[in-house]
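Right, one structure below, let's go through it.
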Amino acid sequence: MSENYVLSINNLSFSYTKEQTLYKNFNLKLKIGELACIVGSSGSGKSTLFELISKNLKANSGTIVSSSLSLIFQDPYSSFHPSYSILNQIKDVVDYNNDDFKKDIKQYCKELNLNIYLLYKKVFELSGGEIQRCSILRSLLMKPKLLLVDEPTSALDNIVAYEVMTLLIKHLDKCAIVLITHDMNLAKYSSNNIINLENINE
């Protein structure tokens with residue numbers, strides 16, 4: 001992969017069965033500063049692409065090469081273990097023994113309208129919107145080169161949803177983003193690079 005790209009998908013083909021081809025010679029390349037929106041109806045392969053990029057599924061053919069990545073899942077409850085505080089689970093994946101961590105966590109909590117004291121709670125003590133913002137906070141603190149975002153605003157109301165997307169877009173100077181969404185208005189708000197999976201194999 002060229003050092004200019006943080007994601008390089010070349011001639012990707014994938015199918016669950018011979019009758020259900022989701023991807024055929026699919027290509028996508030992203031550099032830091034770029035955001036691609038993946039849209040399509042249920043069953044069109046949006047979340048499958050997410051799983052392929054994150055190496056949870058193996059392509060039938062083609063290659064996927066990515067730089068360091070972080071994930072924001074559609075279901076925020078599945079993102080955290082129920083027995084430990086949010087903060088401890090953030091510390092499991094982030095280098096917290098530095099001044100940048102302390103500065104960043106305060107700034108991101110402010111931008112996400114997330115009370116920093118909620119991080120000391122466990123997942124069952126928080127609302128769905130609060131958990132989703134904690135998931136986004138953790139991903140940003142990991143400082144990825146590639147951010148995979150699957151329906152990040154599904155647990156948020158419309159106003160907060162657009163505020164969160166604005167925050168993620170601000171971080172395009174540090175990473176590239178693949179946004180998976182069913183919301184065409186959100187896709188158009190976020191990027192001009194919209195890939196409709198209904199059309200890719202036509």
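The values are calculated or read from the model by the stated rules, or taken from the named source; none is laboratory data. Every value quoted in this text rests on a predicted model; they were computed, and no experiment measured them. In this analysis, Cβ positions are derived from the backbone assuming ideal geometry, glycine residues included, and neighbour counts consider all displayed protein chains.
Details
- Residue within region 73-81 that is surrounded by 17 or more Cβ atoms within 10 Å (Cβ to Cβ) and over 30 Å from ASN196 (Cβ atoms) present: yes
- Within region 1-41, the set of residues being surrounded by 17 or more Cβ atoms within 10 Å (Cβ to Cβ), under 21 Å from LYS188 (Cα atoms) and in contact with a Gly (Cβ under 9 Å, 6 or more places away or on another chain) comprises ILE38 only.
- Number of the exception - GLN89 against (1) at pLDDT below 90; (2) crowded, with 18+ Cβ neighbours inside 10 Å; (3) among the polar types (S, T, N, Q): (1)
- Residue check for TYR77: of a type outside the set (Gly, Ala, Ser), without any contact (Cβ under 8 Å) to a residue 60 or more places away in the chain and not in a helix (DSSP H, G or I): no
- Residue that is modelled with the lowest pLDDT [pool: residues in region 92-130 that are in contact with a Phe, Trp or Tyr (Cβ under 8 Å, 6 or more places away or on another chain) and farther than 21 Å from LYS170 by Cα]: GLY128
- Conditions (1) in contact with a strand residue (DSSP E or B) (Cβ under 8 Å, 6 or more places away or on another chain); (2) at pLDDT below 90; (3) of a type outside the set (A, V, I, L, M, F, W, C): number failed by LYS18: (1)
- Test for ILE131: is it within 25 Å of ASN196 (Cβ to Cβ) and among the β-branched types (Val, Ile, Thr): no
- Subset of region 80-117 (residues that are hydroxyl-bearing (Ser, Thr, Tyr) and under 19 Å from the mean Cα position of the chain (by Cα)): TYR108
- Yes/no for GLU125 being free of Cβ contacts under 8 Å to residues at least 40 places away in the same chain and not assigned by TED's automatic domain parsing to the domain that holds LYS31: yes
- Criterion (at pLDDT 90 or above and either touching a Gly at 6+ places or on another chain (Cβ under 8 Å) or among the polar types (S, T, N, Q) (or both)) met by exactly one of SER66, SER44, SER78: SER66
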